[in-house]
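Report on one structure; see the data block that follows.
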Amino acid sequence: MPKADTGAHGILWPSRILMAGGHQHISGGLEIFIARARDCLGIEAHCYTDTPGAGMQSIRDYLTGLWCFARLLPAYDMVWLHYGSAFDLAYLLVAKLFGKKVAVTPHLGRGWRTMRIGAFRAVCNRLLMTADTVFTLYKAQAAELAFPDPLARNCVVMPTFLPKSLLGAEAPRRSYTGPLRLIHIARLSAQKGSFAFLSVCEELRQRGVPFEATIVGPTDAAVRQALQAQIACNTLPVVLTGPLSQEAVMALLHRHDVLVNLSLQDAYPLTVLEALLCGVAPVCCALPGTAEMAAATNAICLVDGQNGLAAAEQVLAVNGGSVYEGARLMRHKFDWTGLRARYGAAFAGLTGQAVASHTVDVTGAILR
């Protein structure tokens, strides 16, 4: 049976937290959030939910994960579920059948398929109402997901997790001399803004603006071929790297000037904040989550929809001083010490545990 863990900053963690969510063979925003949360908060147990169809996962993988989760539940006091698909809500129902306290973090916005069908969204929201609390990623998320009033009242806005290495170092001041260096990072697709990024590049090329561009991320063969064909057709100076490790992505960001993220799906894109911490100016779609980011600093530029012309204008108007100050603000806002205190208090309140003044070294192990 797992032992009680005492987190940093004087918080006694609930003795046994079981985290659920994400996919074994994918390293997207959801999986990165989970990994950082476990590292920051010292939560040792995690079960993948393996949504069918994502990363070649099958119904069998999903049911196997659900069975393992049910077998583990008796050893834990509470569950922290990361909700990225309607399939994940089965984990919520199973946990409640076992009488467990459950906190749910939704990792989706109105662009996700489960949110675009009104009747289906209503069923999902009804199931979500069985959770003890919902940790939304930003203030407008409950309204964006059309949560009914009783569910919205059960929501608490909780901060996201950024790389610890970036939080401890100042962003470099950019001079923007020489060709502009643009970068796009995503699970490449039209909805994620990958083709819109090429439209921005084409607009800059037509204006005679010197630039170099990089596209980073996994995709399927059809999308990759379509991107390569568009790059070749317009003779654009764009390189596709494929997927990279988080360390490689951070290193690459430090060598670029502007991130263009015209995704219509991302609820609260971590890449935008990571880019800012690396001294890179983000240009992104005006969605509720990104609008909330931009309200905190004018270093984040917004455009309506996947408008290549408007995005190109924002790229050319980047202000290095704003980026530097925006990075400083975000380092303070997402400091891990503050996050440990905030999440620790939320978990302790949920399980009725007290506050202690001990600190232990916690190492993580994934259970499957």
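What to note about this one:
- Gaussian network model of the chain, springs between alpha carbon atoms under 10 Å - residue of Asp304, Asp266, Asp88 with greatest fluctuation: Asp304
- Extending 7 Å from the Cα toward the beta-carbon at both Ala296 and Phe120 defines two label points whose distance is 3.2 nm.
- Region 23-146: C-alpha gyration tensor shape, a/c 1.5 cut-off, then a/b vs b/c: rounded
- Residue exposure sequence - Thr337, Thr51, Thr271 - by fewest surrounding Cβ within 10 Å: Thr337, Thr51, Thr271
- Largest GNM mean-square fluctuation among Gln228, Gln306, Gln265, using the chain with Cα springs under 10 Å: Gln228.
- Each of Met293, Met19 was scored by other Cβ atoms within 10 Å of its Cβ. Listed from fewest to most, they are Met293, Met19.
- Convex hull of region 165-331 built on C-alpha atoms - directionally averaged projected area, nm²: 8.6 nm²
- Neighbour-count ranking [beta-carbon atoms within 10 angstrom, fewest first] of Ser199, Ser194, Ser322: Ser322, Ser199, Ser194
- Rg and Dmax of region 98-198, Cα atoms only, in Å: 18.7, 61
- Linear extension gain, Thr64 paired with Ala221, 0.36 nm per residue minus alpha-carbon span: 53.7 nm
- Note on Leu97 and Ala345: the extension gain reaches 86.8 nm, defined as 0.36 nm multiplied by sequence separation minus the Cα-Cα distance.
- Packing, taken as the mean count of other beta carbons within 10 Å per residue, orders the peptides 135-141, 274-280, 91-97 from highest to lowest as 274-280, 135-141, 91-97.
- Spin-label model, Ala317 to Thr337: label points 7 Å out along the Cα-to-beta-carbon direction sit 3.8 nm apart.
- For the chain, the number of Lys pairs with C-alpha atoms closer than 19 Å, counting only pairs eight or more positions apart or on separate chains, is 4.
- Distance from region 145-171 to region 188-246 (C-alpha centre basis), Å: 30 Å
- Calculated [222 nm] ellipticity per residue, helices only, for the chain: -12000 deg cm²/dmol; basis is -39500 (n - 2.57) per DSSP H run with n ≥ 4, divided by all residues, nearest 500.
- Bridge type composition, the chain - antiparallel percent by DSSP, nearest 5: 5 percent
- Highest-fluctuation residue, Pro237, Pro163, Pro150 considered, GNM on the chain with Cα pairs under 10 Å: Pro150
- Packing, taken as the mean count of other beta carbons within 10 Å per residue, orders the peptides 180-192, 61-73 from highest to lowest as 180-192, 61-73.
- Spin-label model, Leu329 to Ala251: label points 7 Å out along the Cα-to-beta-carbon direction sit 3.2 nm apart.
- Across the options Ala267, Thr241, Leu253, the greatest Cα extent toward the positive end of the charge dipole of region 208-277 (unit charges at beta carbon of Lys, Arg, Asp, Glu) belongs to Thr241.
- Kirkwood-based Rg to Rh ratio, region 223-314, C-alpha trace: 0.97
No value in this document is a laboratory result; all are computed from the given coordinates. All of these numbers come straight from a predicted model, not from anything done at the bench. Note that each Cβ is placed from the backbone with ideal geometry, even for glycine, and that neighbours are counted across all protein chains shown.
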